[in-house]
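Below: the structure, in structure tokens.
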Amino acid sequence: MSDLEGKIARYLQECRELAGLAEGGGCWQADSIEFELLEIKGRRVIIAVRFIEIMREAPCSGIEQVDRHGCLRLELDEFGDISSTHVC
């Protein structure tokens with residue numbers, strides 16, 4: 001795993017922008033997050049991301065797991081750290 005991929009993997013564990021892809025209003029399962037680098041241009045990185053959203057059903061109905069996916073655009077600072085994230 002490259003340094004950039006490691007930074008992205010760590011960043012996604014707490015990335016608030018994943019909530020924009022979690023359509024059911026649940027929370028994401030951190031260990032289910034996977035991503036693929038699609039494009040790197042200068043300080044802009046586009047990734048495809050996949051994760052499982054955990055949603056609590058009505059009482060006694062249990063928990064539902066829903067596969068989610070989407071694209072994020074990451075902006076890097078001059079040190080190669082992620083400075084901002086946007087849902088594509």
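The values are calculated or read from the model by the stated rules, or taken from the named source; none is laboratory data. Everything quoted here is computed from the prediction, not taken from an experiment. Glycine also receives a Cβ, built like all others from the backbone with ideal geometry; neighbour counts cover every protein chain displayed.
Considering (1) part of a helix (DSSP H, G or I); (2) surrounded by 14 or more Cβ atoms within 10 Å (Cβ to Cβ); (3) within 14 Å of the chain's Cα centre (by Cα), the lone condition that residue 4 does not fulfil carries the number (3). The residues of the range 71-87 that are exposed (fewer than 11 other Cβ atoms within 10 Å of the Cβ) and of a type in the set (S, T, N, Q) amount to a single one, 84.
Cβ-Cβ distances below 7 Å connect the following pairs, each with a first residue in the range 18-36 that is touching a residue at least 40 places away in the same chain (Cβ under 8 Å), a second residue that is small (Gly, Ala, Ser), and a separation of six or more residues or different chains: 21/70; 28/22.
Touching a Ser or Thr at 6+ places or on another chain (Cβ under 7 Å), at pLDDT 95 or above and not in a helix (DSSP H, G or I), is that true of residue 74? Answer is yes for this residue. Any residue in the range 19-35 that is surrounded by 16 or more Cβ atoms within 10 Å (Cβ to Cβ), at negative phi, among the acidic types (Asp, Glu) and under 15 Å from the mean Cα position of the chain (by Cα)? Scanning the range 19-35 turns up no residue that is surrounded by 16 or more Cβ atoms within 10 Å (Cβ to Cβ), at negative phi, among the acidic types (Asp, Glu) and under 15 Å from the mean Cα position of the chain (by Cα). Taken over the range 28-71, residues that are under 15 Å from residue 9 (Cβ atoms) and either modelled with pLDDT of 90 or more or outside any strand (DSSP E or B) (or both) amount to 15.
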